[in-house]
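Below you'll find the structure, written out as structure tokens, and then a few comments.
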Amino acid sequence: MKKKKVLEITPQLEEKIIASAYGEGSVFNNLKVKRVIKDSEHANALYEQYKTIAQTFNRFEYQECPERVIQSVEAQVKRKSSGAKLYEIIRPAFTYMILAAAMITAIITFTVDNQTNKRMYSSKEIQFAKEQLHLSLELIGKVMNKTENEITPKIINEKVGDPLKKGLPVINNSITGG
């Protein structure tokens with residue numbers, strides 16, 4: 001008796017074995033698989049395993065999903081998705097970013113020495129402008145942090161995550177009939 005060799009089963013070869021076991025492979029691939037399973041015990045065992053699974057699945061009859069389940073899922077999805085739209089959730093963040101950009105632009109415009117305006121500033125005025133800039137940037141930072149802290153847990157989790165967590169079991173139960 002011929003000793004079977006050890007063969008590494010690549011993902012591509014495994015796909016061909018599966019297709020052949022399910023009776024879906026091309027003639028060329030089926031011949032290649034037959035040759036491989038003849039030479040490799042591991043490939044043969046894999047082929048037999050998939051063939052048994054295929055035969056088990058082929059015993060099941062095709063059934064249409066009951067109309068009541070489809071209607072139930074559609075109704076629940078519509079009800080769950082009637083909440084806030086994504087643009088309504090993200091709009092406050094963009095508003096704050098635009099406001100911050102406008103404030104920074106205004107601050108830079110009024111504090112940077114403009115080449116057309118050769119006015120000399122006193123050290124007191126410069127110090128005051130620096131303090132105003134620091135306070136403005138600090139305010140912008142607080143607004144951005146508050147926005148991030150509110151959007152992430154409150155809006156994203158509540159408006160996106162929670163409905164998704166609630167909807168997936170409903171869909172699963174509707175599909176499985178449970």
Taking 0.36 nm per residue of separation between N172 and K146 and subtracting their Cα-Cα distance, the length gained on full extension comes to 5.7 nm
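Shape call for the range 11-58 from the C-alpha gyration tensor, a ≥ b ≥ c root eigenvalues: rounded (a/c under 1.5), prolate (a/b greater than b/c) or oblate?
Working: a/c = 1.86, a/b = 1.23, b/c = 1.52.
It comes out oblate by the Cα gyration axes.
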Tabulate in residue order the Karplus-calculated ³J(HN,Hα) for the range 60-71, using 6.51 cos²θ - 1.76 cosθ + 1.60 with θ = phi - 60°, rounded to whole Hz; enter x for Gly and Pro.
-> 6, 8, 6, 10, 6, 6, x, 4, 5, 5, 4, 5
3J(HN,Hα) from dihedral phi, the range 44-53, Karplus parametrisation 6.51/-1.76/1.60, rounded to Hz, x for glycine, proline = 5, 4, 5, 4, 5, 4, 5, 5, 5, 4
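Say R0 is 35 Å: what FRET efficiency, to the nearest 0.05, do K51 and D162 get from their beta-carbon distance? Numbers along the way, then the final one.
Numbers: r = 45 Å, r/R0 = 1.28.
That gives a FRET efficiency of 0.20.
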Under a plain spin-label model, where a point goes 7 Å from the Cα along Cα-to-Cβ, how far apart in nm are I9 and E41?
-> 1.4 nm
Check the straight Cα-Cα distances from K124 and name the aspartates and glutamates below 16 Å, setting aside those fewer than 8 residues away within the same chain.
-> D113
Q71-A19 FRET efficiency (beta carbon distance; Förster radius 30 Å; 0.05 resolution) = 0.25
Can you pull the one-decimal nm distance between simple spin-label points at T109 and Y62, each 7 Å off the Cα toward Cβ?
-> 6.7 nm
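Order by neighbour count: H134, H42, fewest other Cβ atoms within 10 Å first, most last. Kindly include the intermediate steps, with their values, before the conclusion.
Details: H134 10, H42 15.
Result, fewest neighbours first: H134, H42.
Taking 22 Å as R0, compute the FRET efficiency from the Cβ-Cβ separation of A129 and L99 and round it to 0.05.
Working: r = 21 Å, r/R0 = 0.94.
Step by step, r from the Cβ atoms, then E = 0.60.
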For the range 126-135, what does the Karplus curve 6.51 cos²θ - 1.76 cosθ + 1.60, with θ = phi - 60°, yield as ³J(HN,Hα) per residue in whole Hz, taken in order and with x for Gly and Pro?
-> 5, 4, 4, 5, 4, 5, 5, 4, 4, 5
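Rule-based calculations on the coordinates, nothing more; no lab input. Predicted, not measured: the structure shown is a model, and the values here were computed from it. Because the Cβ atoms are built from the backbone with ideal geometry, glycine has one as well, and the counts that use them run over all protein chains shown.
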